[in-house]
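Encoded as structure tokens, the structure appears first; notes follow it.
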Amino acid sequence: MASSKKPKGSDSERKILEHAHRGQQLMAEYKPKLMGKIQAFMAEAMAPGVLSKQEKERMALGMALTQQCHYCIALHVRACKLAGVTVEEIMEICAVGIMMGGGPVLTHIAEVERALNEFYLDENGEPI
């Protein structure tokens, strides 16, 4: 009998994020002043202002999709979860991403699914 549980994401999404962070660490090691400025800029850009953190994360995920960046997709799906964005909202973001980016974005919805499985489900495949 087939299980009705959704599959839990593999550790690949966490490894993708670790890989992305390692690149940032390498740059910080060789160019600490530059990375400090980049990180400060990024923090300021994502800080709540006229737009909330949640709205900014929704936008960032949509842009990550249209840029077809698997690092950014994983990072912003995780950030969406932390900001309280629902799976239903993420799927609407995906629909708009496909509208703007076409078939190539559609293929990257698999990256979204892996990240949703990793960050929105517990170890038993239940929503968290």
Review point. Quick one: would you say Ala110 is at pLDDT below 95 and not charged (D, E, K, R)?
Key: yes
Review point. How many of the residues in region 84-108 are surrounded by fewer than 18 Cβ atoms within 10 Å (Cβ to Cβ) and closer than 20 Å to Gln54 by Cα?
Key: 9
Practice item. Give just the number: which of (1) at pLDDT 95 or above; (2) not in a helix (DSSP H, G or I) does Lys8 not satisfy? Key: (1)
Point to revise | helices (runs of 4 or more DSSP H) contained in region 62-128 and holding at least 3 residues within 23 Å of Gly23 (Cβ to Cβ) | key: 70-83, 109-119
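The values are calculated or read from the model by the stated rules, or taken from the named source; none is laboratory data. Predicted, not measured: the structure shown is a model, and the values here were computed from it. Backbone-built Cβ (ideal geometry, glycine too); neighbour counts: all protein chains shown.
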